[in-house]
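Notes for the one structure printed next.
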Amino acid sequence: MDERDEELSTLQKEGKGNEEVQAGIEELEEDKRKSGEEYEEKLDEEGFDFGIE
C-alpha cells in the first residue's frame with residue numbers, strides 16, 4: 001500500500017513537470033506563429049512599397 005502511494009505521489013510530481021513543459025512548448029509555438037505572420041505582413045508591405053516607387 002505504501003509503495004503504491006509513493007508511486008502515485010511520484011507520478012503526480014512528474015505530471016506537473018510535464019504540464020509545465022507542454023505549456024512552454026505551446027507558448028513557443030504561438031510566438032513562432034505570430035513571428036511568421038508579422039514577417040509575412042512586413043514582406044507584403046515592402047513589396048507594395050516597391051511597387052509604388
By a straight-distance test (C-alpha under 17 Å), which lysines pair with K32 as possible cross-link partners, with residues fewer than eight away in the same chain excluded?
-> K42
Out of G36, Q12, A23 - ranked by how far each Cα lies towards the positive end of the dipole of the chain, with unit charges on the beta-carbon of charged residues - the top one is Q12
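Readers should treat all values here as calculations from the given coordinates under stated rules, not as data from a laboratory. All figures in this text were calculated on a predicted structure; none of them were measured in a lab. Virtual Cβ from ideal backbone geometry, glycine too; neighbours counted across all protein chains shown.
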